[in-house]
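The values are calculated or read from the model by the stated rules, or taken from the named source; none is laboratory data. Quick caveat, the model's predicted, so the values are computed rather than measured. Don't worry about glycine lacking a Cβ; one is built from the backbone with ideal geometry, like all the others, and counts go over all protein chains shown. Side chains included, ligands, DNA and RNA excluded: accessible areas come from the protein's heavy atoms. Shrake-Rupley method; radii C 1.70, N 1.55, O 1.52, S 1.80 Å.
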Amino acid sequence: VRVFWAESIGRMGSDIFNTRGSLGAAIWCFIDETFMIPENTLGYKEGWGRHHYDFPTYTVGYGEWGIIDTWRRKKPEFWGTKKAYSPTKLFIDSMKITGKLVTIPAQNRFDHTDFSELTINYKTSQKKGTLADIKLSPHSYGSISVPMGESNEFIGLDFYKEDRLID
């Protein structure tokens with residue numbers, strides 16, 4: 001369910017970005033709205049929400065529907081939302097492998113930043129490095145080429161703007 005939730009947010013984000021005149025969207029609940037009621041609270045075992053088996057408490061509130069939990073920890077939905085609204089979009093379903101090079105179609109969703117202003121690091125099981133001279137102007141399509149070893153290995157890409165991880 002969590003993976004599908006992130007996928008639906010991503011689809012919505014793409015539709016909004018690619019639609020002229022769209023005003024955007026909102027995520028209704030940022031933080032889970034649940035509270036723990038201690039055992040010694042008056043009326044504790046008389047219908048206070050549901051029992052939480054990890055703690056000697058009952059949970060009450062509106063629900064666990066945020067992307068941050070009650071203790072302000074990032075849930076899987078947080079990372080899915082970050083990915084959905086990322087200004088770097090890769091189309092991995094359309095990537096091509098030629099020899100020891102994989103080419104991934106990409107879209108720059110930044111408004112004022114060229115991909116050449118980013119630091120793009122890659123990591124495979126055999127090597128890691130930084131991609132240089134990737135020019136992709138704002139709101140345009142292009143591709144990123146990554147050197148690789150074996151054709152079935154994992155490739156990780158990190159996009160940084162200054163010291164901030166973008167995607």
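With the requirement that a residue be among the basic types (K, R) and open to solvent by 100 Å² or more (accessible area, probe 1.4 Å), what does segment 87-143 give you? Residues satisfying the conditions are K96, K100, K123, K128, K135.
Among the residues of segment 117-160, those identified as in contact with an Asp or Glu (Cβ under 7 Å, 6 or more places away or on another chain) and not in a loop (DSSP other than H, G, I, E, B) are N121, F159. Taking the criterion of being within 18 Å of T103 (Cβ to Cβ) and polar (S, T, N, Q), the residues of segment 117-167 that qualify are N121, T124, T130, S140, S143, S145, S151, N152.
Residue-level analysis places I67 among those that are modelled with pLDDT of 80 or more, aliphatic (A, V, I, L, M) and open to solvent by less than 70 Å² (accessible area, probe 1.4 Å). Against the conditions (1) open to solvent by 100 Å² or more (accessible area, probe 1.4 Å); (2) touching an Asp or Glu at 6+ places or on another chain (Cβ under 7 Å); (3) at pLDDT below 70, P56 satisfies every one except (1).
Residues that are free of Cβ contacts under 8 Å to residues at least 24 places away in the same chain and closer than 14 Å to R109 by Cβ within segment 1-41 comprise D15, I16, N18, T19, S22, G24, listed in sequence order. The residues of segment 70-124 that are touching a Gly at 6+ places or on another chain (Cβ under 7 Å) and of a type in the set (S, T, Y), listed by number, are Y85, Y122, T124. Checking T113, T103 one by one, the residue that is under 20 Å from I16 (Cα atoms), β-branched (V, I, T) and either touching a residue at least 24 places away in the same chain (Cβ under 8 Å) or assigned to a loop (DSSP other than H, G, I, E, B) (or both) is T113 and no other.
Annotation: of all residues in segment 12-35 being part of a strand (DSSP E or B) and open to solvent by less than 60 Å² (accessible area, probe 1.4 Å), the one that is modelled with the lowest pLDDT is T34.
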